[in-house]
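One structure is given below, encoded as structure tokens.
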Amino acid sequence: MTWERELDTLFLRIGHRFGRADLRRRMRDYVRGLLAPVSRKNGWQLAEFAGHHTPDGFQRLLNAANWDADDVRDDLQAYVAEHLGVDGGVLVIDDTGFVKKGTTSAGVQRQYSGTAGRTENCQIGVFAAYATTRGRALVDQELYLPKSWTEDRERCRAAKVPDERGFATKGELAKRLVLRALASDLPLAWVAADSAYGQEGRFRRLIEQSGLGYVLAVPKSQQVFGPRIDYLFAQAPGEAWETISCGDGAKGPRRYHWAALELPTVAEFDCQGEAPVRRRWALARRSISKSQEIAYFLAYAPRETTVADLVRIAGMRWQIEECFQAAKNECGLDQYEVRRYVGWFRHITLAMLAHAYLAVMAADAAGKGGAETLPAPWLRSPWQKSAGSWHFASARTAKPGGRFARTL
């Protein structure tokens, strides 16, 4: 597999979504620009790289041309499933902020951005990443519209927000992403997310009803069949904590102290007939160097799943952060200059497509024994214009271990 051949194959795969030949060429130039070493991937610089005199063609591609970003997203998911799909795949949900000036960009307002770590004038996108042992890629997105927008229909119409688009919480947007992933070709077994999503009971119930497992972060105040989750783990004996790596990071294995507590089953959801087929867990992850730093999780999994498996899935949640970083740094995910609702979805979809292409190429290189990431030979590319009972459990067996137990 070569860089040029694979990119041409990807363009052929989605080309039928763009009705005219000139529109297909414009899409190809745009994606190639997103992949290229352009200092800032805005309209003018992408147009200059493509050899266009002005960015008008790219602006029409994003704002006025006749194509549906949802169709391209579906093709993107099929592409990722074909190249990165593995049984046991994990869908990771998280949001990221896009700092913007002004008040006219769809969904923009002063709101908290986890990306910036503070309140900023920004847009918030809720994303899904697909992660397996072969690689990870962004596969879906929704734009969060605050009530300040959805309650002002004139403002929405000016930004081309569809009339049927009402207010939806980030949790409700996350449910849409899960349902679309279930309808796609992506082989899924798990969902992972941070506490903003894990604390929502309706989100957890949707995943349970879909037949997937989950490992979801929750706040320390999360109630678990009555008591707060931090109160439960405050009673854990020393032997309940085990040192386990939840995956490799930039500096090697990410080792923490972990404790697991098996929760009562819920017959309506966890049993087939009278036989339980699923188990519920509460997990705690404690920093080795700073014991007061503890994160908490709720998990739902097949009976045979071990605590070590749950820890591994919890560690997969960080992969969406790596996707955000790569898509922003390498593919211009956050460098758009569109204000309209449809333009945001179109740019984000094409940036995710570019990121998925890089993920597939990295997976192919790794499968052949190369490095996980390889520099693309852009300077040689043809388009280059210029350069009931709760038990603490063993992580290894997932069977009740230790002497601590609490009975409801």
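The values are calculated or read from the model by the stated rules, or taken from the named source; none is laboratory data. Just so it is clear, the structure is predicted and the values come from calculations on it, not from any experiment. So basically every Cβ, Gly included, is an ideal-geometry build from the backbone, and we count neighbours across all protein chains shown. The accessibility values were calculated without ligands, DNA or RNA, using every heavy atom of the protein model including side chains. Shrake-Rupley method; radii C 1.70, N 1.55, O 1.52, S 1.80 Å.
Assorted remarks:
- Computed extension gain for residue 86 through residue 8, at 0.36 nm per residue and net of the alpha carbon distance, reaches 25.6 nm.
- An ellipsoid equivalent to segment 92-138, defined through the eigenvalues of its Cα gyration tensor, has semi-axes of 26, 11, 7 Å when rounded to whole angstrom and sorted largest first.
- For the pair residue 303 and residue 160 in one chain, pulling the backbone fully straight at 0.36 nm per residue adds 46.7 nm over the alpha carbon distance.
- Centroid-to-centroid separation of segment 296-320 and segment 250-266 [C-alpha atoms, Å]: 7 Å
- Across all Cα pairs in segment 71-201, the calculated P(r) in 10 Å bins from zero up to the longest distance comes to 12, 38, 33, 16, 1 percent per bin.
- Overall form of segment 172-252: oblate. Here a/c, set by the Cα gyration tensor axes a ≥ b ≥ c, is 1.5 or more, and a/b is not larger than b/c.
- Those lysines that a straight Cα-Cα span of less than 27 Å connects to residue 101, excepting residues fewer than 8 apart in one chain: 41, 147, 160, 170, 328
- Segment 81-117: trypsin sites (Lys or Arg not before Pro) falling in loop per DSSP and having at most 13 other Cβ within 10 Å: 101
- Whole-number accessible area per residue in Å² for the chain, which is evaluated in the context of all protein chains at 1.4 Å: 45 Å²
- In the chain, helices alone account for a calculated mean residue ellipticity at 222 nm of -11500 deg cm²/dmol, with every DSSP H run of four or more residues adding -39,500 (n - 2.57).
- Cβ-based net charge around residue 24, under 13 Å, with every Lys or Arg adding one and every Asp or Glu removing one: +4
- For segment 108-159, the fraction of alpha-carbon pairs lying more than 12 Å apart is 72 percent, rounded to a whole number.
- For segment 1-122, pairs of C-alpha atoms spaced more than 19 angstrom apart make up 64 percent of the total.
- Qualifying chymotrypsin sites (Phe, Trp or Tyr not before Pro) for segment 148-208 [loop in DSSP, other Cβ within 10 Å: at most 16]: 167
- Here the chain yields Rg over Rh of 1.00, to two decimals, using C-alpha coordinates and the Kirkwood radius.
- Accessible-area composition of segment 53-157, carbon plus sulfur, in percent [1.4 Å probe]: 42 percent
- Checking every one of the trypsin sites (Lys or Arg not before Pro) in segment 224-321 against DSSP loop status and a limit of 14 other Cβ atoms within 10 Å picks out 251, 290, 303.
- Model label points for residue 230 and residue 248, set 7 angstrom from Cα along the Cα-to-Cβ axis, are 3.5 nm apart.
- Note on residue 277/residue 70: beta-carbon distance plugged into 1/(1 + (r/R0)^6) with R0 of 35 Å gives a FRET efficiency of 0.50.
- Net charge, residue 161 excluded, C-beta distance under 15 Å - Lys, Arg +1, Asp, Glu -1: +3
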